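The values are calculated or read from the model by the stated rules, or taken from the named source; none is laboratory data. In this text, all values refer to a predicted model and were calculated from it rather than measured experimentally. Cβ coordinates were reconstructed from backbone atoms using ideal geometry, including for glycine residues, and neighbour counts include every protein chain displayed.
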Amino acid sequence: MSAQGASPCPEPPGAWGPLIDRGGCEAKGECERVCPESVFALRALTAAEKADLGWMARLKLAFHGGAQAFAVNADACRACGRCVAACPEQAIELTRRPPSPPGP
């Protein structure tokens, strides 16, 4: 955040969100380091998440410590694209999210 508290990112929070390719992420953490909105965190995959991966992705996962990046705070994403540019595996893309339904 800047000194005035304004985000350096162009979009309102939650209009866009990161989509992480589970077959490509190697948990190097560049996305976590560059995101000004603290959208990402690295964590170990659960057994169920591992089971959803193909054999090559499971092998890669084991080689890289069993962890990957997750968008734990995706609603804060403001689409600056720093994560996309920083990911060495090109495993992140930004996608427009559908608008939230109106409240009660």
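In the list 79, 62, 48, 69, which residue meets the criterion of being in a strand (DSSP E or B) and either in contact with an Asp or Glu (Cβ under 6 Å, 6 or more places away or on another chain) or of a type in the set (Gly, Ala, Ser) (or both)?
Result: 69 is the single residue among 79, 62, 48, 69 that is in a strand (DSSP E or B) and either in contact with an Asp or Glu (Cβ under 6 Å, 6 or more places away or on another chain) or of a type in the set (Gly, Ala, Ser) (or both).
Restricting attention to region 14-44, report how many residues are over 20 Å from residue 90 (Cβ atoms), outside any strand (DSSP E or B) and not hydroxyl-bearing (Ser, Thr, Tyr).
4
Just to verify a result, which residue in region 60-70, among those that are aliphatic (A, V, I, L, M) and surrounded by 11 or more Cβ atoms within 10 Å (Cβ to Cβ), is farthest from residue 83 (Cα to Cα)?
Among those residues, the one meeting the criterion is 61.
What are the pairs, 6+ residues apart or on separate chains, where a residue within region 86-97 that is in contact (Cβ under 8 Å) with a residue 24 or more places away in the chain and over 18 Å from residue 57 (Cα atoms) has its Cβ under 8 Å from a residue that is part of a strand (DSSP E or B) and among the small types (Gly, Ala, Ser)?
94/17; 95/17; 97/17
Restricting attention to region 45-58, does a residue exist that is over 12 Å from residue 20 (Cβ atoms), within 17 Å of the chain's Cα centre (by Cα) and touching a residue at least 12 places away in the same chain (Cβ under 8 Å)?
No, there is no match, as no residue in region 45-58 is over 12 Å from residue 20 (Cβ atoms), within 17 Å of the chain's Cα centre (by Cα) and touching a residue at least 12 places away in the same chain (Cβ under 8 Å).
Could you list, ordered by first residue, the pairs with Cβ atoms under 8 Å in which the first is in region 13-29 and without any contact (Cβ under 8 Å) to a residue 12 or more places away in the chain and surrounded by 15 or more Cβ atoms within 10 Å (Cβ to Cβ) and the second is among the hydrophobic types (A, V, I, L, M, F, W, C) and not in a strand (DSSP E or B), at least 6 apart or interchain?
No pair meets every condition.
At pLDDT 90 or above, among the aliphatic types (A, V, I, L, M), touching a Lys or Arg at 6+ places or on another chain (Cβ under 8 Å) and at negative phi: which single residue out of 41, 48, 67 fits that description?
Result of the check over 41, 48, 67: 67.
For region 70-81, does any single residue satisfy the condition of being in contact with a helix residue (DSSP H, G or I) (Cβ under 6 Å, 6 or more places away or on another chain), in contact (Cβ under 8 Å) with a residue 40 or more places away in the chain and among the small types (Gly, Ala, Ser)?
Within region 70-81 (the criterion being in contact with a helix residue (DSSP H, G or I) (Cβ under 6 Å, 6 or more places away or on another chain), in contact (Cβ under 8 Å) with a residue 40 or more places away in the chain and among the small types (Gly, Ala, Ser)), the answer is no, since none of the residues qualifies.
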